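J.: There's a structure below that I have some questions on.
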Amino acid sequence: MSLTKNPNVNKWVDEMIALTKPDKVVWIDGSKEQLDALTEEVCSLPDDSWDKMYKLNQDELPGCLYHRTRANDVARVEDRTFICCKNKEDAGPTNNWCDPKEMYAKLTPLYDGVMKGRTMYVIPYSMGPIGSPLAKVGVELTDSIYVVLNMNIMTRMGKAAFENLGDESNDFVRGLHSKADVDPEKRYIVHFPEDNTIWSINSAYGGNVLLGKKCFALRIASFQGKNEGWMAEHMLILGVKKPDGEVKYITAAFPSACGKTNLAMLIPPEGYKKDGYEVFTVGDDIAWMKQGEDGRLYAINPENGFFGVAPGTNAKSNYNALASTMKNTIFTNVALNNDNNTVWWEGLDKNPPVNATEWKGAKVNGVEFTSVMGADGKPQKLAHPNSRFTAPAENCPCISPEFNNPQGVPISAIIFGGRRASTTPLVYQSFDWTHGTYMGSAVSSETTAAATGAVGVLRHDPMAMKPFIGYNVGDYWAHWLEMGEKLGDKAPKIFNVNWFKQDENGNFMWPGFGDNMRVLDWIIKRCEGTIDAEETAIGYIPKKGDIDVTGIEDEITPEVMDKLLAVDKDLWTKEIAEMRRYYKEDIADKGGRIPDALWEQLDALEARLNKA
Ligand code: OXD
Ligand code: MN
């Protein structure tokens, strides 16, 4: 029975029932009884069922579940992800586009009767704290209990979301998901921003099916944000408590595999801890930001959990993330230790379980398995490299006391970053918001030796949002510029960091992880105006001695710091040439409406560099 009187919701759900023809419809109220019953049901499915989940060792990992997706369904599928708006130009060069009418016509037969013999679950959820002026409601229809249980962790799911929507509003995002077929050629992740609608079919991988996350909170929300005057960004949010007790909030946008979750949950070095510094996590992946009444930019994390990459997570690399997974967590595509029914992944420790089940489901001797080289010349992996944990934010030992604050937290600094072996210094600050917007548009990351294919190739990922901007990237940059104008002198300061600079022998120079606190410290002081900086062609960089290296002096000698902060004229000349090529060939020539102000920034950067 419907959980809402809202006719817009009920009419749409009825239409989708008529289309997909489920045997049964279950409205998710979010109660413990309902979720417990669904957990029992999904765990009692036969082993070969695509939705099958397993209970893990309930003494060691209470409330934790395990799931494997099909081997061809383990990641987001950008080539099968579409933005369907009326005008092709409005989707721009960073998106696959199709006419909405054509796409509805193409997908309707795929959905027709797809839930026959199955149950449809109607999931009401809120992105953002219930009742927050920045929050928004979504409804996801799915035939997967795995999706229901994940949505319960990642969003505020249940009846309260409908109460928040009210009985009349039409302002909710309609998500339809079905896991019908394993054929990747029939997989579609489709957004209709003008209809507030997402249709996802034939995948079970989180990024494609937890529709509140990438599909709503980034692609649809970025479009809503442009129209409504706010921002949806692929950014972590953290708070740094200083010795004087004040907490400064910072957001940071890095492309995948550049350490967003690690920075969000950073543990400061001993000296900083002794001085009273503490870091609090507000979010690790997405920020919704809006100007507050005092004129400043406020951010909420629309999510309620962490959908984190498991491999590489351990007590040293990210203690807080690991601790977050110790209860009520869903593990997907990691390995099983069959001796004690717990989980394992590469980088958790150096002891793969002997009695293991690898991520595709084969029982193997984990020690032998990982000592055999795979086709890529690297040891075979027990866990898929993109295996994930879905962990409740409330489990995180350093979760911010402001996590549920409906007003969000005021942002002092925005950081961009990528993985760059050379060129980009450890940290630099933009001259102003417009220059910072240019810096964001220039975010790029190099492929590493750790991956197959070419090494050191630059991949442009503006604002770390390339796969997530739900409209024309040029209009998105224009929206950034408009936000800057609105915020005026209350705008956050904008910085760029690079934790990955290498020396001439290819070794990383900066220790990263907790030591990134030293860079945050400089950033905060810049925001407070309590520290000077050196002006260079590319922006402000720290003066000699201004990054505190107490405790790591042996590693970060003055010479190393000079290299970390160097602005090499030749490399930057090449960088500018590449940016001109990118702007022209990849964006403007393909319909990206680049604002003049950004071309001017590029010219100004070049002129400054030529003078230097
Ligand atoms: C991503 C993620 O793909 O957060 O960016 O899962
Ligand atoms: Mn992400």
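What follows is calculated from the coordinates using simple rules that are stated; it is not laboratory data. Note that the coordinates shown come from a computational prediction; the quantities given were computed from them, not determined experimentally. Here the Cβ positions follow ideal geometry from the backbone for every residue, glycine too, while neighbour counts run over all protein chains shown.
J.: Kindly state, as a whole number, the per residue volume in cubic angstrom of the convex hull around the alpha carbon atoms of the stretch 362-409.
T.: Hull volume over Cα atoms, normalised by residue count, gives 160 Å³.
J.: Would you be so kind as to identify which of A37, L481, A161 lies farthest towards the positive end of the dipole of the chain, taking Lys and Arg as +1 and Asp and Glu as -1 on Cβ and the Cα centre as origin?
T.: Of the candidates, A37 comes out farthest on the positive side.
J.: Net charge within 11 Å of G366 by Cβ-Cβ distance, Lys/Arg positive one each and Asp/Glu negative one each, not counting G366 itself?
T.: Surrounding charge for G366 is -2.
J.: Semi-axes, largest first, in whole Å: what does sqrt of 5 times each Cα gyration tensor eigenvalue give for the stretch 2-112?
T.: Calculated on Cα positions only, the semi-axes equal 34, 23, 14 Å.
J.: Work out from phi, with θ = phi - 60° and the Karplus expression 6.51 cos²θ - 1.76 cosθ + 1.60, the ³J(HN,Hα) of each residue of the stretch 411-424, listed in order in whole Hz, and give x for Gly and Pro.
T.: 9, 8, 9, 10, 10, 10, x, x, 9, 10, 5, 9, 6, 7
J.: Can I ask one more? Tally Lys/Arg at +1 and Asp/Glu at -1 over every other residue whose Cβ is under 12 Å from the Cβ of K486; what's the total?
T.: Computed value for this residue: 0.
J.: Suppose each label sits 7 Å from its Cα in the direction of the beta carbon; what would the K569-N170 distance come out to in nanometres?
T.: For the pair K569/N170, the computed spacing is 6.1 nm.
J.: Set Lys and Arg Cβ to +1 and Asp and Glu Cβ to -1, take the dipole of the stretch 306-391 about its Cα centre, and tell me which of N386, F306, M373 lies farthest positive.
T.: The listed residue farthest towards the positive side: F306.
J.: Right, next: Given +1 on the Cβ of Lys and Arg, -1 on the Cβ of Asp and Glu, and no further charges, what dipole in debye does the stretch 306-391 carry about its Cα centre, rounded to the nearest 20? Don't skip to the end; give the middle numbers.
T.: On the way: 8 positive and 6 negative charges, 36 e Å.
So the magnitude is around 180 debye.
J.: Just subtract the alpha-carbon distance of N355 and D14 from 0.36 nm times their residue separation and send over the number in nm, one decimal. Let's see the in-between values first.
T.: Working: separation 341, 0.36 × 341 = 122.76 nm, distance 4.83 nm.
This chain segment gains 117.9 nm when fully extended.
J.: Please rank T550, T423, fewest neighbouring Cβ atoms within 10 Å first, as an exposure proxy.
T.: T550, T423
J.: Something else about it: Over the stretch 206-304, what is the mean sequence separation of C-alpha contacts under 8 Å (at least six apart), divided by residue count, expressed as relative contact order in percent?
T.: Reported relative contact order: 29 percent.
J.: If you don't mind, there's one more thing I want to ask. Given a Förster distance of 22 Å, report the FRET efficiency between D589 and N96 from their Cβ-Cβ distance, rounded to the nearest 0.05.
T.: Between D589 and N96 the formula returns 0.80.
J.: So if I place +1 on the C-beta of Lys and Arg and -1 on the C-beta of Asp and Glu, and nothing else carries charge, what would the dipole magnitude of the stretch 453-508 be about its Cα centre? I want it in debye, nearest 20.
T.: 120
J.: Ranking request for peptides 272-281, 76-85: highest mean number of other beta-carbon atoms within 10 Å first, then the rest in descending order.
T.: The peptides rank, most packed first, as 76-85, 272-281.
J.: Treat every Asp and Glu Cβ in the chain as -1 and every Lys and Arg Cβ as +1, leave all other atoms uncharged, and give the resulting dipole magnitude about the Cα centre to the nearest 20 debye.
T.: Value, rounded to 20: 820 debye.
J.: Which of Y146, G225, G440 sits farthest toward the positive end of the charge dipole of the chain, with +1 on the Cβ of Lys and Arg and -1 on the Cβ of Asp and Glu?
T.: Y146
J.: For the chain, take the alpha-carbon Rg, divide it by the Kirkwood Rh, and send me Rg/Rh.
T.: Dividing the radius of gyration by the Kirkwood radius yields 0.96.
J.: Please compute the contact order of the chain in relative form: average sequence separation of alpha-carbon pairs under 8 Å and at least six residues apart, divided by the residue count, as a percent.
T.: Normalised by residue count, the contact order of the chain is 14 percent.
J.: In whole Å, what is the distance between the alpha-carbon centres of the stretch 149-173 and the stretch 176-192?
T.: Here the answer is 23 Å between Cα centres.
J.: Take the alpha-carbon centre of the stretch 322-374, take the same for the stretch 47-101, and report the distance between them in whole Å.
T.: With the stretch 322-374 and the stretch 47-101 each reduced to a Cα centre, they are spaced 22 Å.
J.: What is the distance, in nm, between label points placed 7 Å from the Cα along the Cα-to-Cβ direction at D36 and at E278?
T.: 3.4
J.: How would you classify the stretch 1-52 from its alpha-carbon gyration tensor, with a ≥ b ≥ c the square roots of the eigenvalues: rounded for a/c under 1.5, else prolate if a/b is greater than b/c, otherwise oblate?
T.: Here the stretch 1-52 falls in the oblate category.
J.: Using label points projected 7 Å from each Cα along Cα→Cβ, tell me how many nm separate K544 and D183, to one decimal.
T.: In this crude label model, K544 to D183 measures out at 6.8 nm.
J.: Here's another thing I want to ask about it. Alpha carbons only, please: Rg and Dmax for the stretch 306-391, in angstrom.
T.: 12.3, 36
J.: Let me ask something else. Whose amide H sits under 5 Å from the amide H of N96, counting only residues 5 or more places off or on another chain, with H placed in the peptide plane?
T.: For N96, whose amide H was placed from the backbone, the distant partners under 5 Å are I83.
J.: Set the Förster distance to 35 Å, then compute FRET efficiency between A577 and N505 from the Cβ-Cβ distance, nearest 0.05.
T.: According to the calculation, E is roughly 0.85.
J.: Same structure again: If you take the square roots of the eigenvalues of the alpha-carbon gyration tensor of the stretch 262-354 and sort them as a ≥ b ≥ c, do you get rounded (a/c under 1.5), prolate (a/b over b/c) or oblate? It would help to have the intermediate numbers written out before the result.
T.: Numbers: a/c = 3.52, a/b = 1.70, b/c = 2.07.
It comes out oblate by the Cα gyration axes.
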